[in-house]
Amino acid sequence: MKSYTNTSLGSPSRALTFHPSVPTPSVPSNPKSTLLLLKLSHAALNPADLALQRFLPPWLPFRSSPVPGLDFAGEVVAVGGGVGDDVKVGDRVCGAVGLKGVAAGRGALAEWIVVERAEVTKVPVREGWNGREVVGVTGIAGQTAAEMVRCVGEEGVKGRRVLVNGASGGVGSLVVQVLRGLRAEVVVGVCSAASEGLVKRLGAGEVVDYKADRALEERLRERFGEQPFDAILDCVGSQTLFSKSPGYLKPDGKFITIVGGWSQGVIPFVKNKMRPTFLGGTPRSYHLFLLSASGERAKEVADWVEQGVIKESLVDSEYPLEKAVEVCCHLHLCGSGVLNADLVRHMRSWRPAEPRARLSSRLEATDHMGACVSGAGLGIPHVIESGSGLDIVITGRYLFITRVSSISVVVF
Ligand SMILES: NC(=O)c1ccc[n+]([C@@H]2O[C@H](COP(=O)([O-])OP(=O)(O)OC[C@H]3O[C@@H](n4cnc5c(N)ncnc54)[C@H](OP(=O)(O)O)[C@@H]3O)[C@@H](O)[C@H]2O)c1
């Protein structure tokens, strides 16, 4: 079978090695084995895949053949002796390999993979949806969206006023759909003006452009100060959005984020959680979580697909498995599959010590220049043809600013 492995830390072209022919894995038939062997139809890539390529060393002793990749959809071809009757050979299943599974090296960038029964759910039945549509929705993005929505409160989101930061992204676009489907009273999405139509179509009643001239937090305070939100679901990782939140989040409201830790700084995280108000802490509750992927969570999302709570799967592009390195680069550059010449120039001249905000504004400026060129000559093919076999799907939309911290991943 075809497969990728992680061979070193770093950029996709350094980290990933393609193997055209490796032995197909198998599952033990002993009565205790709860493993399934799947023949994949699709895998999807997330920002987390790129982070793992950079930070999870492939040489760890328990990673003998470290196959990367989290999201998968495929067919069961063999089951361990301890798998109950609810999953059979021939069933179509989907989900995300847990961090433990990827750490152990049994990721989704391979034609055949071994997963735990507890990591999968049945592919939802929905007209026009197959593995391509399902893979990103029931994987990391959808499961994270489900967890964020759950965090809003035990009473659910019905009748609540919720702000979604990063509403056009892989996670945010699903959060918006779920909030609307579960009848939140007000759903406001923060995204770029270019994504306004999309985010409104998915269910946001109102959209706020984070790129507009005046500070986002100031505009939120003016617009929603009188009618503050019950919850803010942050899919971007904005410290300022939290520190200024008393201007637009109810006193008992929750700020729920999925981006934190090292990427935003451990110190801000500790301060947000623990600093008392009299020492300058923000008087709002702060929640940061790391998804623990499971079949149970994937089922919750699959049910929402069947019930029509989730209406759309945003598939950005589709590639054959052999193109995983290009997909990772695409994930960092732009959703259209072409490279922006000025962006490339800026990225080449960028130094890690450069303040994030300054680079962001430079990239935003180039964003408007529309100087897109083919990646030919830069080592990244412009024309990428879809082939048969396992395809990789990019879900969500990717923006330069979110990629700033990851520029070192791209090698030209
Ligand atoms: N903790 C966890 O368990 C967990 C799980 C999944 C993901 N994550 C993290 O969550 C983040 C989002 O993941 P994703 O898959 O949704 O990424 P994504 O698809 O790349 O989405 C990012 C979105 O953020 C928007 N954006 C960029 N800068 C923004 C800003 N300053 N203000 C508001 N919106 C902005 C962009 O919107 P426009 O295109 O409209 O400009 C883009 O659509 C990543 O950092 C990922 O690593 C964490």
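Of the residues 49, 85, 316, the one with the fewest other Cβ atoms within 10 Å heads the list, and the complete ranking is 85, 316, 49.
With both labels modelled 7 Å from their Cα along Cα-to-Cβ, the residue 250 to residue 274 distance reads 3.0 nm. Around the amide H of residue 10, modelled in the peptide plane, lie the amide H atoms of 54, all under 5 Å away and 5 or more residues distant in sequence or on another chain. Classified by the C-alpha gyration tensor, the range 141-288 has a rounded form. Its axis ratio a/c, with a ≥ b ≥ c, is below 1.5. Neighbour counting of Cβ atoms within 10 Å sorts the residues 304, 59, fewest neighbours leading, into 59, 304. Near residue 78, the amide H atoms lying under 5 Å from its own belong to 37; only residues 5 or more places off or on other chains count, and H is placed 1.01 Å from N. Checked against a 30 Å cut-off, the cross-linked pairs 100/273; 254/299; 158/299; 211/311; 32/100; 200/323 give Cα-Cα distances beyond that limit for 200/323. Calculated FRET efficiency, residue 185 to residue 77, Cβ-Cβ distance, R0 = 45 Å: about 0.45 to the nearest 0.05.
Provide the FRET efficiency to the nearest 0.05 for the residue 206-residue 155 pair, computing r from the beta carbons and using R0 = 30 Å. Between residue 206 and residue 155 the formula returns 0.80.
Just so you know, all these numbers are worked out from the coordinates, no wet-lab data involved. Here the structure is a predicted model, which means the values were calculated and not measured. Note that each Cβ is placed from the backbone with ideal geometry, even for glycine, and that neighbours are counted across all protein chains shown.
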